[in-house]
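Below you'll find the structure, written out as structure tokens, and then a few comments.
The values are calculated or read from the model by the stated rules, or taken from the named source; none is laboratory data. Nothing here was measured: the structure is a model prediction, and the numbers come from that model. Glycine also receives a Cβ, built like all others from the backbone with ideal geometry; neighbour counts cover every protein chain displayed.
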Amino acid sequence: MQKITTTVLLMVSLFAFSQQKDKEQSKSFSTKNKKITVYTTADSTKLRLTQTNVLTFAASKQPLEVEVSVFVEPTKTFQKFMGIGGAITDASAEVYAKLPKEKQKEFMNAYYDKEKGIGYSLLRTTIHSSDFASGSYTYIKEGDKDLKTFNIDHDRQYRIPMIKEAIKTAGGKLLTYASPWSPPAFMKSTNNMLKGGTLLPEYYQPWANYFTKFIKAYEKEGIPIWGITVQNEPMATQTWESCIFSAEAERDFLKNFLGPTMKKEGFADKKIVVWDHNRDLMTHRANVIFSDPEASKYAWGMGFHWYENWSGGASMFENVRKVYEQYPSKNLLFTEGCVEKFDAKKYQFWANGERYGTSMINDFNNGTVGWTDWNILLDQNGGPNHVGNFCFAPIHADIDSGELIYTPSYYYIGHFSKFIRQNAKRVSTSVSRSDLLSTSFLNVDGKMVTVVMNQSNKSVTYNLIIASEKTVVVIPAHGIQTLVY
């Protein structure tokens, strides 16, 4: 009893110390003698993550209502930032393998190098096949419930070499997590990996074992696995690999099989993420799983996507906030988003990039700790995809010419991922006009990062106001800026 009490007291003390350090960091932030470096990307210009200004702070008075202002309050901080990244799927890896060596290097630097690129720090991958692969496959022979034939030889051809190169380019570390799209066909009610169906009860334990087999195999390859999600899009019957889990089914699988199995196999430190689907039903899923203590203890947090009802800017960001407020001990992670319905004529369609900026700012302001895009690379057809579900990626490769095509989405993501570093604290930020969106993070090195996005058709002059100091900034129409100070 004495040992347990001492351990608990030590944990409480360390938590209190960490909280105090965070408060000291935010309270000590000052604009005195600080320069503001401004980076801009804007439609109908050549500006792409371009340094456009170096400004200084001056005394500020009460702003007028006719002025546009962004207000940052460093003493009010929220969640810690985990990172930003994208998914290395079979499709991305197959396309990458077809690029000339010099283009492969350019591509890796573009995503994972902090200086030459946009500094990705998160990586999602799939547990066997998803729709973004040349075909369906698993790691076992069909019917092998004991998993005696388990091997990841398939992934060694394209996916694992690409992941290793990404980790190397990122400086030796990428927080990597994995998601399944469907159990093997024989484990399901439909005897089919595609088109939904459910996991049969008699295969709950073999399927839980499958996760741990995957982790062991990947870590043997030198790829540390940070965590897993229970099921990609568990309420969607798709034409591709998919499997339905009701909230109660996911809760019970986590509580009685996956959680205990991870612990038994020595993976209690690996993070388990639930839901991994859209914002529309996330509050219900959180209520069912997080309100059950035995299930909740295995769940690090909740993952979510953006496909619920996008209509030029309107989405269900309030549901993200509701989960953040109701379950403050749980973490929120954006696990997937992409622009669907690929059309090569729309590579440079600006609204695609703005969709990323709108989602990222709102998700972060509502409590999200990390943000993961879908495929980091696709070909000139928006694939490969074995069921014709072709989509956009931030970077495409024209396999015929060997050229890389950078879309606006790449630059919009970069305005966050290049400047906000791991363990930064989100800082209270608000705007006085709806044309602008904004979020801020305070990095551990003491630098503040404020991202401002202009959704309007005209340039906007705005004040950046911190306490009694301000600077005046001009943001172009349909532009995004990162201010570092």
What is the one condition in (1) modelled with pLDDT of 95 or more; (2) farther than 22 Å from Phe78 by Cβ that Leu437 does not satisfy? (2)
Take the residues in the range 451-485 that are in contact with a Ser or Thr (Cβ under 7 Å, 6 or more places away or on another chain) and charged (D, E, K, R); name whichever of them is surrounded by the most Cβ atoms within 10 Å (Cβ to Cβ). Lys470
Spot the failing condition for Gly357; the list is (1) under 17 Å from the mean Cα position of the chain (by Cα); (2) more than 29 Å from Lys270 (Cα to Cα); (3) surrounded by fewer than 23 Cβ atoms within 10 Å (Cβ to Cβ); (4) not aromatic (Phe, Trp, Tyr), and only one is missed. (3)
Please count how many residues of the range 276-333 are among the charged types (D, E, K, R), farther than 26 Å from Gln422 by Cβ and loosely packed, with under 13 Cβ neighbours inside 10 Å. 1
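Looking only at strands (runs of 3 or more DSSP E) that lie completely in the range 391-449, which have at least 2 residues being farther than 19 Å from Tyr356 by Cβ? Give the steps one after another, and end with the answer.
Values: elements: 395-398, 403-406, 425-431, 436-442.
Fully inside the range 391-449 and qualifying: 395-398, 425-431.
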Count of residues meeting criterion [free of Cβ contacts under 8 Å to residues at least 40 places away in the same chain and over 14 Å from Thr176 (Cα atoms)] in the range 189-230: 8
Residue count, the range 219-237 (criterion: outside any loop (DSSP other than H, G, I, E, B) and buried (at least 21 other Cβ atoms within 10 Å of the Cβ)): 3
Can you pull out every residue in the range 330-380 that is assigned to a loop (DSSP other than H, G, I, E, B), closer than 30 Å to Thr77 by Cβ and touching a residue at least 60 places away in the same chain (Cβ under 8 Å)? Gly367, Thr368, Val369
Leading residue by the ranking (surrounded by the fewest Cβ atoms within 10 Å (Cβ to Cβ)) among those in the range 48-67 that are under 22 Å from Met448 (Cα atoms) and aliphatic (A, V, I, L, M): Ala59
